[in-house]
Amino acid sequence: MKKSPDSSFTKAIFAHAWDLEDGNAVPLMQWARAVGLDTLCIAASYHSGWFVQPHHATRRLRWSESGAAYFHPDEALYSGTCLRPPAAAIAAQVNPLRLAADCTKDAGLNLVAWTVGAHNTRLGLAFPHLAQHSAYGDILPHALSLGHDDTRNYLKALVRDIATNYSPHGIQLESFKWHSVRHNHTHERDLAGLSEMEQQLLSLCFNPQTVRKAEAAGVDAEAARNAVKQTLEIAFTHAPHRPLNHPQTMEELEDREPELRRYNRFLRHLAESLIFEIRQESLQGTNCKLYLQTGFSPSLRDVCDGFAVWAYGQTPEQTYRTVQSAVANLPQDWRGEFHCYIRLGMGIPNCAEQLEEIVMAAQSAGATGIYLYNYSEAPPAMLSWLQSALKKL
């Protein structure tokens with residue numbers, strides 16, 4: 001990848017809508033400008049979380065609402081789906097995304113709308129027929145199925161709503177993908193000790209509408225389902241052991257079960273085609289950039305404006321190697337953005353000098369920008385190191 005001659009290095013930080021509460025919106029913008037940031041990536045929709053807030057004015061702990069939208073939905077845009085964005089309680093009196101859009105514009109900052117999609121436990125519990133279904137028919141309530149038209153129309157409307165009504169510089173998509181049975185939301189139990197491959201099998205979506213679409217495309221979804229169940233039954237029966245010929249990877253199992261390979265390929269098509277539809281339909285007539293919180297995808301190179309690489313908890317040397325390796329796989333003729341995500345917390349960076357070295361490592365290795373995670377949860381000491389670190393870029 002070669003950067004365009006007029007390209008600039010993005011300096012962004014993630015933030016939540018509650019960082020704008022109680023008159024804090026303008027002070028946040030002033031702080032961002034003062035430390036040298038040029039972009040705020042603010043959550044427009046989010047899943048649930050339990051957060052420690054080291055520097056919030058009044059609260060040290062926050063349980064965020066499940067699957068909430070931090071804006072006022074435009075109801076007319078959701079006529080093609082039974083789903084609606086559940087508005088957050090803090091949006092009752094003020095529209096947080098409107099506030100963010102107005103304040104970033106006044107401050108000369110770019111606004112990127114951090115948009116969580118199919119990861120929505122509230123909607124999955126309310127509409128279980130729209131969630132991912134396992135090969136056994138179990139519901140994954142935290143994951144909406146990308147194979148169901150109501151889910152797809154909802155996600156496209158969600159992006160359309162944000163792009164047309166708030167005109168952000170960009171929309172960053174998180175969780176517009178298939179999800180794992182692993183959720184890390186409650187006390188999860190697996191005494192059978194399922195391997196990574198076996199967890200993948202238990203996560204594969206066999207939502208009835210997904211299955212019908214696969215069958216219409218010529219894929220024998222029931223043969224794929226049977227292969228999944230037979231493999232998992234062997235694991236359940238023999239746990240904690242496995243037979244000597246038990247597959248270790250999805251690729252190994254696909255070699256034995258061609259219909260499973262075809263079904264997995266179809267599921268990937270559903271996920272990728274959704275991104276194509278979002279570009280063509282949701283962003284039509286806008287100048288909004290489309291960013292994915294994933295590594296570079298050759299099939300989506302002409303659809304997305306940017307991808308990312310994660311360097312959470314990495315030293316400067318590790319950050320350099322991580323970014324360099326990812327950049328090496330980018331096509332030389334691709335002119336998009338490639339951001340490095342850096343976490344502010346959990347021990348690294350451990351001083352201002354190390355943060356400076358980390359951001360410099362990301363830039364020198366070929367990233368076109370950094371996204372710092374995140375304002376809400378970062379210790380105040382780490383936030384105080386940003387100004388000197390960003391001056392180095």
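Just so it is clear, none of the values below were taken in a lab; they were calculated from the coordinates. What you are looking at is a predicted structure, and each value in this text was computed from that prediction instead of being measured. Methodologically, a virtual Cβ is constructed for each residue, glycine included, from the backbone with ideal geometry; neighbour enumeration extends over all protein chains shown.
Taking the Cα centroid of segment 262-315 and of segment 143-159, what is the distance between the two, rounded to the nearest whole Å? Distance between centres, Cα-based: 15 Å.
Remark: for residue pairs Lys177/Lys392; Lys156/Lys229; Lys177/Lys289; Lys105/Lys391; Lys156/Lys392, the C-alpha separation exceeds 29 Å in Lys177/Lys392; Lys156/Lys229; Lys156/Lys392.
Computed over the chain, the convex hull of the alpha-carbon atoms projects to a mean area of 20.2 nm². Each residue of segment 213-230 was assigned a 3J(HN,Hα) from its phi angle through the Karplus curve 6.51 cos²θ - 1.76 cosθ + 1.60 (θ = phi - 60°); the sequence is 5, 5, 4, 5, 8, x, 9, 7, 5, 5, 5, 5, 4, 5, 5, 5, 5, 4 Hz, with glycine and proline shown as x.
Which value, in debye to the nearest 20, describes the size of the charge dipole of segment 272-379 about its Cα centre when Lys and Arg Cβ atoms bear +1, Asp and Glu Cβ atoms bear -1, and nothing else is charged?
Values: 6 positive and 12 negative charges, 13 e Å.
With Lys and Arg at +1 and Asp and Glu at -1, about 60 debye.
Can you find, among Leu260, His183, Gln30, the residue sitting farthest towards the positive end of the charge dipole of the chain, where Lys and Arg contribute +1 and Asp and Glu -1 at Cβ? Final value for the positive-end residue is Gln30. Inter-label distance, Ser8 to Asn329: 3.0 nm, where each label sits 7 Å from its Cα along the C-beta direction. Ranking of Phe127, Phe14 by neighbouring Cβ atoms within 10 Å, starting from the fewest: Phe127, Phe14. For the chain, with a Gaussian network of springs between Cα atoms less than 10 Å apart, report the residue from His187, His246, His72 with the top mean-square fluctuation. The residue with the greatest mean-square fluctuation here is His187.
Under the simplified labelling scheme, the Glu281-Ala89 pair shows an inter-label distance of 3.4 nm, with each label point 7 Å from Cα along Cα→Cβ. Neighbour counts of C-beta atoms inside 10 Å place Glu357, Glu317 in the sequence Glu317, Glu357, starting with the fewest. Residue exposure proxy: Ile275, Ile234, Ile370, ordered by other Cβ atoms within 10 angstrom of their Cβ from fewest to most, comes out as Ile234, Ile275, Ile370.
For the chain, modelled as a GNM whose springs connect Cα atoms under 10 angstrom apart, the maximal fluctuation among Thr151, Thr121, Thr249 occurs at Thr249. In segment 249-393, Rg over Rh equals 1.07, where Rg is the alpha-carbon radius of gyration and Rh the Kirkwood radius from pairwise Cα distances.
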